[in-house]
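What follows is a set of notes on a single structure, which appears directly below.
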Amino acid sequence: MASDSAADINVREEGRQIIVTPHGDWVISNVTPVYREIERIESSYDAGLVVIDVSQVGRIDTAGAFLLGRTIQQCASPAADWHFRGQHPTAKRLIIELIERAIDCEPDAPEERYGFVRAFERIGAGLEAFYQEAVDTFGFFGRTITTFASLLVRPHRFRWTPAFYVMEEAGVNALPIIAVLTFFIGAVVAFMGANLLETFGAAVFTVELVGISVLREFGVLITAIMLAGRSDSAFTAAIGSMKMQQEIDAMRVLGLDPYEALVIPRVVACVVMAPLLTFGAMMAGIFGGMMVSWATLDISPGFFISRMNDAITASHFWVGMSKAPVFGLIIAIIGCKQGMQVGGDVESLGRRVTASVVQSIFMVIVVDAIFAMMYLELDI
């Protein structure tokens, strides 16, 4: 095989034009010595005046064509015929192809926007993201419902062991912190109510204040918020880590449905345990209010319980309990859905865990407001 002819380049001015004449073989093994000369031409001359004379080029590959194309690429029409002179079987075609490919791949510079335009742009992007997130969540919910319906037809496929494990982790292990928190919530409500009502000589109504607020709202709401912060983040992290390590893809390859194995047990566990945790939270909140009433108002526990039984109907208890499974379903759906959307990096996992907790708490409060208006209209 004949050795490559050394690449060289000659530059001369011809009127207003800059004639660039490459010599020799412009292949990857030869072009290193002329690289700095190409850079000098780029920085010293206007690309719109450069003309490449390809008649002296020997062999040429994409490396050589790329270097020669750099001398004219920055002008308005780099692929125009007047940029070339002389005849060569491939040089001109190869240079033009590389220039056009580079132009197609180069992203357009984002248009700078300021003031109200940029503000409305961000608002629009946020609304679009909110709409897309809502559509994806409802789609995930629908897939979960259809999977659960198929399990009702074939109950032998339901995975009891993961469900009981999640019940223990998300339910039983969460009971102490929920009970402690609602105990202090009930105590604070009783203390503030006692101070306020005592000025009107109606301190005894502290019993009704504690009972109704804890049974209807605080018990179930604190339980849902704690589940969203404690268990929902765990759901997203667990499923998301499996997604990152491609374990979910492996399950699909093995013929296992990730919804059956991962989503349904968590949904069932949350729906079952949320009412039980809510009941424990209600008892702890009432106990906290009763202790404060006993200490500040000298209302004995026996009188407290007797007045609750006489003044507060069971409907307040059932209003709070009716919200619990709905909140448990919302929390589980959002947590599992965010876990399924985790990408392949840790940053994506962190974003999804944060989104899971924020969305769950937001939806719990919104749905609680809807329940409040609905029960108000029903006079319950």
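The values are calculated or read from the model by the stated rules, or taken from the named source; none is laboratory data. These numbers come from a predicted model, not from an experiment. No Cβ is skipped: glycine too gets one built from the backbone with ideal geometry, and neighbour counts run over all protein chains shown. Protein only, heavy atoms only, side chains kept; ligands, DNA and RNA dropped before computing areas. Shrake-Rupley method; radii C 1.70, N 1.55, O 1.52, S 1.80 Å.
Amide H contacts of ASP25: SER5, ALA6, ALA7, GLY58, ARG59, each under 5 Å away and 5 or more positions distant or on a separate chain (H built 1.01 Å from N in the peptide plane; Pro and chain starts excluded).
Remark: the chain carries 54 Å² of accessible area per residue (probe radius 1.4 Å; ligands, DNA and RNA excluded). Volume per residue of the convex hull around the Cα atoms, evaluated for the stretch 193-287, comes out as 84 Å³.
Local charge sum around VAL319 (other residues, Cβ-Cβ under 10 Å, Lys/Arg +1, Asp/Glu -1)?
So the environment of VAL319 carries a net charge of +1.
Note on ASP368/ILE123: beta-carbon distance plugged into 1/(1 + (r/R0)^6) with R0 of 30 Å gives a FRET efficiency of 0.65.
Note on GLU14 and ILE145: the extension gain reaches 39.4 nm, defined as 0.36 nm multiplied by sequence separation minus the Cα-Cα distance.
The listed peptides 26-32, 207-213, 329-335, ordered by packing as a protection proxy, come out as 329-335, 207-213, 26-32 (highest mean of other Cβ atoms within 10 Å first). Ranked by the mean number of other Cβ atoms within 10 Å of their residues, highest first, the peptides 91-98, 154-161, 226-233 come out as 226-233, 91-98, 154-161.
For VAL50, the residues 5 or more places off, or on other chains, whose built amide H falls under 5 Å of its own are ILE18.
Across the chain, the convex hull enclosing all Cα atoms gives 270 Å³ per residue. Rounded to whole numbers, the Karplus 3J(HN,Hα) couplings from phi for the stretch 201-214 are x, 10, 4, 5, 6, 4, 4, 5, 4, 5, x, 5, 5, 6 Hz, using 6.51 cos²θ - 1.76 cosθ + 1.60 with θ = phi - 60°, and x at Gly and Pro.
If R0 is 45 Å, the Cβ-Cβ spacing of ASP136 and ALA80 corresponds to a FRET efficiency of close to 0.40.
Backbone phi angles across the stretch 149-163, fed through the Karplus curve with coefficients 6.51, -1.76 and 1.60 (θ = phi - 60°), yield HN-Hα couplings of 5, 5, 6, 5, 6, 10, x, 5, 7, 5, 9, 6, 4, x, 5 Hz in residue order; Gly and Pro are listed as x.
Most tightly packed first, judged by the mean number of other beta-carbon atoms within 10 Å of their residues, the peptides 66-76, 284-294, 239-249 read 284-294, 66-76, 239-249.
Each residue of the stretch 344-356 was assigned a 3J(HN,Hα) from its phi angle through the Karplus curve 6.51 cos²θ - 1.76 cosθ + 1.60 (θ = phi - 60°); the sequence is x, 10, 5, 4, 5, 4, x, 4, 5, 5, 4, 4, 4 Hz, with glycine and proline shown as x.
Based on the Cα atoms of the stretch 121-274, what semi-axes does the equivalent ellipsoid have, where each is the square root of 5 times one gyration tensor eigenvalue, given in whole Å with the largest first?
On the way: eigenvalues 326, 91, 41 Å².
In descending order the semi-axes read 40, 21, 14 Å.
Here the chain carries DSSP beta bridges of which approximately 50% are antiparallel, counting only pairs with both residues inside. The label point for SER5 and the one for ALA261, both projected 7 Å from the Cα toward the Cβ, are 6.5 nm apart. Each stretch of four or more DSSP H residues adds -39500 (n - 2.57); spread over every residue of the chain, this sum gives -21500 deg cm²/dmol at 222 nm. In this label model, ASN309 and GLU97 are separated by 9.3 nm, measuring between points 7 Å along each Cα→Cβ vector.
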